[in-house]
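J.: Can you read through this structure? Questions will come right after.
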Amino acid sequence: MDQPLQLPDAEERALRLPAHGTTVTAEDLRVRLVLAADLDDAIEIDASEVESVGQAVLQLLVAARNEAASNGQEFRIANPSPAFVDRVNRCQLAAAIGLETGDVL
């Protein structure tokens, strides 16, 4: 008798960015973002361990946030590391990925 597929808790499905987000790691992130978009009401990205993040990963985050917005899903970056915040701000992508920087405009 087949057992029903048990989905992990939402906390276990949280997307944790790797320490070094490169073009090589971007494909895995893309797959995980698609699954999260299909399974969850909200998409949360844990950026606490990021030491460096490349263009491919940043592009995926921008696209994922746009897709989430068009589907009415919440998208948030949780616990961004200083390195992540610095890179996103230097690329002027904070608004595009929904990163709250605390800067007053």
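Taken together, the values in this text are just the output of simple stated rules run on the coordinates, not laboratory data. Being a predicted model, the structure only gives us computed values, none of them experimental. We place every Cβ from the backbone using ideal geometry, glycine too, and count neighbours over all the protein chains shown.
J.: By how many nm would the segment from Q59 to N71 lengthen if fully extended, with 0.36 nm per residue of separation less the alpha-carbon distance?
T.: Details: separation 12, 0.36 × 12 = 4.32 nm, distance 1.84 nm.
Once the chain is fully extended between Q59 and N71, it gains 2.5 nm.
J.: For L15, which sequence-distant residues (separation of 5 or more, or a different chain) have an amide H within less than 5 Å of its own amide H, given hydrogens modelled in the peptide plane?
T.: Result for L15 returns E44, D46.
J.: I've got another one for you. For labels at D28 and S52 in the simple 7 Å Cα→Cβ model, what's the distance in nm?
T.: Reported label-point gap for D28 and S52 is 1.7 nm.
J.: Mind giving me the nanometre distance, one decimal, between the label points for D41 and D86, set 7 Å out from Cα along Cα→Cβ?
T.: Here the modelled spin labels are 3.8 nm apart.
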